[in-house]
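Below you'll find the structure, written out as structure tokens, and then a few comments.
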Amino acid sequence: MEAYQFQGVMQSFPNHFHDYYVVGFIERGRRTLLTQNREYEISAGDLLLLNPRDNHACQPADGETLDYRCLNIPIDVMQEAAREITGADEPPVFTTPVVYRSELTETLFDLHGRIMRSETGFGKEELFFFLLAQLLTEYANSGEVPEDPVGNGAIEAVCAFLEQNYEKPVSLDALGERAGYSKYHLLRSFTKQKGISPYSYLETVRIGKVKELLQAGVLPAEAAARTGFSDQSHLGNVFKRYIGLTPKQYWRIFAQERVNTDSVASAGHTNGETNHESIG
């Protein structure tokens, strides 16, 4: 799966097709899209869904430039993901090429950014499944996602596994195997039961451990390495999102407290020596 970003595009594109799925959205500008013998006026916030071999052409509207992001998804990747979600063996077919003012553009923007940044961890795959499940159930011929709830015991086992292995790389495949369910059904049931996705649960556990380390005086870079974050930058982004402070800011708060505590202890120790000498 590949992520692309286009900015300031003015040119028209002739009628053509791709051998993969395209899921994209308009960030800025207006275009006229021609596909499936229909004409669509598309603009910022609109979602585009193209199947392999869907002929399409587009041209600028009113001379505006185009800012556009998209994911190009190979057929085999889409087919395997759809099988995980719906149980269907055939590749899905999107039934509408344009979804106007879709709320899913925010999710797609998040996923696109994670791919562009080459993020590690299963958060990227988790987000892909959540997005695709909504697209398939609402805008494709895949039908309803079958109900197959994961038992509470299996969910608690996954929680325990995440809490015990937070510092290690964790894959969605490993969690699915541990629960005995497909990756998507685990995601769906876990999120429904816990009110938080597996990756968010893992991030919460990791951030809790990082806070303990920073409070103890461990520097942010080492704290990141000891809690499963890919690097200090990755930790910084996640920590700020959860705590509202950077790891360094949080470390400094407790560094000052440690200085104050050490000063009090040192003063107490000095007073103790003086008293001892006066008694002697």
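Computed values, structure above
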{"item": "Ranked list, fewest to most other Cβ atoms within 10 Å of each Cβ, for K168, K183", "result": "K168, K183"}
{"item": "Vicinal HN-Hα couplings computed from phi for segment 206-222 (Karplus, 6.51 cos²θ - 1.76 cosθ + 1.60; Hz; Gly/Pro x)", "result": "4, 5, x, 5, 4, 4, 4, 5, 5, 5, 7, x, 5, 5, x, 4, 5"}
{"item": "Amide H contacts under 5 Å for Y21, placed H, 5+ residues apart", "result": "I73, I75"}
{"item": "Degrees, to the nearest 10: 232-243 long Cα axis against longest axis of the chain", "result": "90"}
{"item": "In nm, spacing of pseudo-spin labels at N152 and Q256 (7 Å Cα→C-beta vector)", "result": "4.5"}
{"item": "Built amide H within the under 5 Å cut-off of V98, gap 5+", "result": "L49"}
{"item": "In nm, spacing of pseudo-spin labels at D62 and T137 (7 Å Cα→C-beta vector)", "result": "3.6"}
{"item": "Listed candidates (i) 14.3; (ii) 19.9; (iii) 19.2 - label of the one calculated as mean projected area of the Cα convex hull in nm²", "result": "(ii)"}
{"item": "Cβ-placed point charges (K, R +1; D, E -1), dipole of segment 94-177 about Cα centre in debye, nearest 20", "result": "400"}
{"item": "Extension gain (nm, one decimal) between I75 and S230, 0.36 nm per residue minus Cα-Cα", "result": "52.8 nm"}
{"item": "Net charge dipole size for the chain [Lys, Arg +1 and Asp, Glu -1 on Cβ; Debye, nearest 20]", "result": "560"}
{"item": "Calculated FRET efficiency for the pair Q5/N37, C-beta based, R₀ 35 Å, to 0.05", "result": "0.75"}
{"item": "Pairwise label distance in nanometres, T95 with Y242, each label 7 Å out on the Cα-Cβ vector", "result": "4.1"}
{"item": "Among D62, D231, D89, residue whose mean-square fluctuation peaks in a GNM of the chain (springs only between Cα atoms under 10 Å)", "result": "D62"}
{"item": "Extension reserve of the S118-A216 stretch, reckoned as 0.36 nm per residue once the Cα distance is removed", "result": "32.1 nm"}
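Taken together, the values in this text are just the output of simple stated rules run on the coordinates, not laboratory data. Note that this is a predicted model, so its numbers are computed, not measured. Positions of Cβ are generated from backbone atoms using ideal geometry, with glycine treated the same way; all protein chains shown enter the neighbour counts.
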